[in-house]
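Novice: Provided herewith is a single structure, encoded as structure tokens, for subsequent inquiry.
The values are calculated or read from the model by the stated rules, or taken from the named source; none is laboratory data. None of the values given here were measured: they were computed from a predicted structure. Neighbour counts run over all protein chains shown; Cβ positions are idealised from the backbone, glycine included. To get the accessible areas, we keep the full protein, side chains included, count just its heavy atoms, and leave off ligands, DNA and RNA. Shrake-Rupley method; radii C 1.70, N 1.55, O 1.52, S 1.80 Å.
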Amino acid sequence: MSELSPAKKQTDTVSTASSHTLLEGRLGYQLETALLVRALTHRSFAYENGGLPTNERLEFLGDSVLGLVVTDTLYRIHPDLPEGQLAKLRAAVVNSRALAEVGRGLQLGSFIRLGRGEEGTGGRDKASILADTLEAVIGAVYLDQGLDAASELVHRLFDPLIEKSSNLGAGLDWKTSLQELTAAEALGVPEYLVTESGPDHEKTFTAAARVGGVSYGTGTGRSKKEAEQQAAESAWRSIRASADAREAAAKSGAESGTDAGTGAVSGAGEPAAAGAPLGDGDGAAAAVDAAPAADAAPADQAPADPASAEAPTS
């Protein structure tokens, strides 16, 4: 391979500096050039160019900074949540898919230094590469500007996700939520059948969520995990809707039975209307009412002769 001419090298240097300035503008911080370059250097580029330093150490550091800031935020805004629920909230924010979406919002893929192999297989939009690079950039901001600056950057990029995760409920992890629901409904353990299509660099995955041999939902995504999560969400909603419908029907039936029983009891205690025929129950009530009336005969009425009340003997 021929060496680049001085003019070409200068052009590339200006182009790189310009792109770095653009990224720094989106980040809101101007970083040491060498540090930013390292944060953007994927191992595929480093290996193809004589073993340059990669962004993996910065990624390791940035992952810790991101985790600390997100965990601290969740701890403070949810003072009553138990540890398990806080862990689910954090996992909904600090995961490869969520980080990749934040990276896409920054158009981070266009700045990453990739090797030819990754470049040819769509590496600039791979979730794992975007997520790792974003963590490396956060690590670089921490080293160059300190924890306060890194924390401010994390808040600016991730607070919308933190707020969204707080409102997700079951959607924090659809696969876990589906398994909990199917256990409660005694349906069995969910399983996922995944198929893939498309070229290697643009694969599409389709997953079907099955429980007890019945398919309850499907989903598609750029990764197997994403497809399974979507399928689990679809299945969860389907099973939850059926369970809610059964509960509503049972409640309605119970209320109808209660109303009917209440009507029967209240009807028995109501006096019969004048001239209305008496049923068996009404007759008994009338007899009971009549008994006190007989006892209440006038005081001046002569009592019956005991002798005349005796039955004749044969």
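Novice: Among the numbered criteria (1) assigned to a helix (DSSP H, G or I); (2) surrounded by 16 or more Cβ atoms within 10 Å (Cβ to Cβ), which single criterion is violated by A209?
Specialist: The number of the failed condition is (1).
Novice: So which of A100, A184, A131, A149 is among the small types (G, A, S) and open to solvent by 70 Å² or more (accessible area, probe 1.4 Å)?
Specialist: Just a single option satisfies the conditions, and that option is A184.
Novice: To continue, here is another question. Report the residue count in the range 65-106 for those that are more than 18 Å from G139 (Cβ to Cβ) and in a helix (DSSP H, G or I).
Specialist: 19
Novice: Here's something else I'd like to know. Please pick out the residue among E185, E152 that is within 30 Å of T73 (Cβ to Cβ) and of a type in the set (D, E).
Specialist: E152
Novice: Right, another one. Could you list, ordered by first residue, the pairs with Cβ atoms under 9 Å in which the first is in the range 140-167 and within 13 Å of D63 (Cα to Cα) and of a type in the set (S, T, N, Q) and the second is surrounded by 16 or more Cβ atoms within 10 Å (Cβ to Cβ) and at pLDDT 95 or above, at least 6 apart or interchain?
Specialist: S151/V65; S151/V69; S151/Y142
Novice: If you don't mind, another one. In this structure, does L81 turn out to be touching a residue at least 40 places away in the same chain (Cβ under 8 Å) and open to solvent by 30 Å² or more (accessible area, probe 1.4 Å)?
Specialist: When the stated conditions are applied, L81 does not pass them.
Novice: Looking at the structure I just gave you, is R124 part of a helix (DSSP H, G or I), within 20 Å of S19 (Cα to Cα) and basic (K, R)?
Specialist: Yes, satisfied.
Novice: Looking only at the range 58-78, filter to residues that are of a type in the set (D, E, K, R) and buried (at least 17 other Cβ atoms within 10 Å of the Cβ); which one of those is nearest to T176 (Cα to Cα)?
Specialist: D63
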